[in-house]
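Participant: Just passing along the structure, written as structure tokens.
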Amino acid sequence: MGLAARLKQIELKLRPVTTAPERPFDIDQCIVHLGLDPATVRESACRTGSSLAGAVCVMLDIEPSEFARQLKEKVNSGR
């Protein structure tokens with residue numbers, strides 16, 4: 001077995017195993033939980049060319065960095 005083939009074999013063995021999340025995540029449910037309509041958020045994001053998170057920030061009148069900080073805080077408190 002050549003060196004390249006052996007390295008490929010080792011890489012395949014070391015490749016991380018992807019596991020499914022414990023709970024399925026539905027972005028629409030998250031948007032509804034924030035008190036917004038998912039269709040409106042998606043339309044706004046599409047119209048402005050921004051991400052869903054960016055559209056949510058605009059609709060909630062919150063800075064993206066603050067939104068990210070609060071999301072991380074909420075996720076970490078649930079662990």
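Participant: For a quick check of your reading of the filter: which GluC sites (Glu not before Pro) in the stretch 4-79 sit in a DSSP loop and have no more than 10 other Cβ atoms within 10 Å? Numbers along the way, then the final one.
Facilitator: Working: sites: Glu11, Glu22, Glu43, Glu66, Glu73; in loops: Glu22.
Answer by residue number: Glu22.
Participant: As a check on your grasp of the helix formula, calculate [θ] at 222 nm for the chain: sum -39500 (n - 2.57) over DSSP H runs of n ≥ 4, divide by the residue count, round to the nearest 500.
Facilitator: Working: 5 runs with 53 residues, N = 79.
It comes out at -20000 deg cm²/dmol, rounded to the nearest 500.
Participant: Separate question: What would the Debye formula give as log10 I(q)/I(0) at q = 0.16, 0.20, 0.29, 0.30 Å⁻¹ for the alpha-carbon point model of the stretch 25-79, no solvent?
Facilitator: -0.47, -0.72, -1.24, -1.27
Quick note: the coordinates plus some simple rules give every number you see, no bench work behind them. Remember, it's a predicted structure, so these values are computed and weren't measured experimentally. Note: ideal-geometry Cβ built from the backbone for every residue, glycine included; neighbour counts use all protein chains shown.
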